[in-house]
1. Of S39, G53, C65, whose Cα points farthest to the positive end of the dipole of the chain (charges on the beta-carbon: +1 Lys, Arg; -1 Asp, Glu; origin at the Cα centre)?
2. Sorting check: for 48-54, 68-74, which peptide has the highest mean count of neighbouring beta carbons within 10 Å, and how do the rest follow?
3. Can you tell me how the chain classifies by the Cα gyration tensor, rounded, prolate or oblate, using a/c under 1.5 as the rounded cut?
4. With every protein chain left in place, what is the accessible area per residue of the chain in square angstrom, probe 1.4 Å?
5. For A109 and Q23 in the same chain, what is the full-extension length gain: residue separation times 0.36 nm, less their Cα-Cα distance, in nm?
6. Report in % the part of the accessible area of the chain that belongs to carbon and sulfur, leaving out ligands and nucleic acids; probe 1.4 Å.
7. Which angle between 0 and 90 degrees, to the nearest 10, do you get for helix 2-22 versus the longest principal axis of the chain when only C-alpha atoms count?
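The values are calculated or read from the model by the stated rules, or taken from the named source; none is laboratory data. Here the structure is a predicted model, which is why all the values come from computation and not from measurement. As a convention, Cβ positions derive from the backbone with ideal geometry for all residues, glycine included, and neighbour counts pool all protein chains shown. These area figures cover heavy atoms from the full protein model, side chains too; ligands, DNA and RNA do not enter into them. Shrake-Rupley method; radii C 1.70, N 1.55, O 1.52, S 1.80 Å.
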Amino acid sequence: MRRRWKLNRAFLKVYRDDALVEQDMKCRYCRDHMTFASSTIEHRTPRSRLGDGRRSNISASCRPCNLAKGDMTDPEFMALLQAEPVGRPNSVRACWRRRQTNLSREIAASRGLENMEAAQ
């Protein structure tokens, strides 16, 4: 039984690493830059709600976002992050703040690239 658990854990790490590369080395929720060592395995549908360990259910997130998400599904947590989560725990509001900051940086960077291309 212990061998099987170790094998499952190894597959989950590979799935997480694949997801992190697909996500451009950024957290799925707050868009913070991560490394392979700092990322965590995120189940889009939590195991507590009958989620499984398949590749389609695994993504990479930072530890604060993973803890803030708790047993919410991916769409539930993303809906929380769309508008300011008033009345929610500080951990959820912190994820929302980081997401807003990182999205505005990404937009500014893309506009900077567009302006540079237009000037040439």
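1. With unit charges placed on the Cβ atoms, the residue in question is G53.
2. Per-residue Cβ counts within 10 Å, averaged per peptide and sorted highest first, yield 68-74, 48-54.
3. Oblate shape, in that a/c is at least 1.5 and b/c is the bigger or equal ratio.
4. Value returned for the chain: 67 Å² of accessible area per residue.
5. Separation in residues times 0.36 nm, less the Cα-Cα distance, equals 29.2 nm.
6. 53 percent
7. 10 degrees
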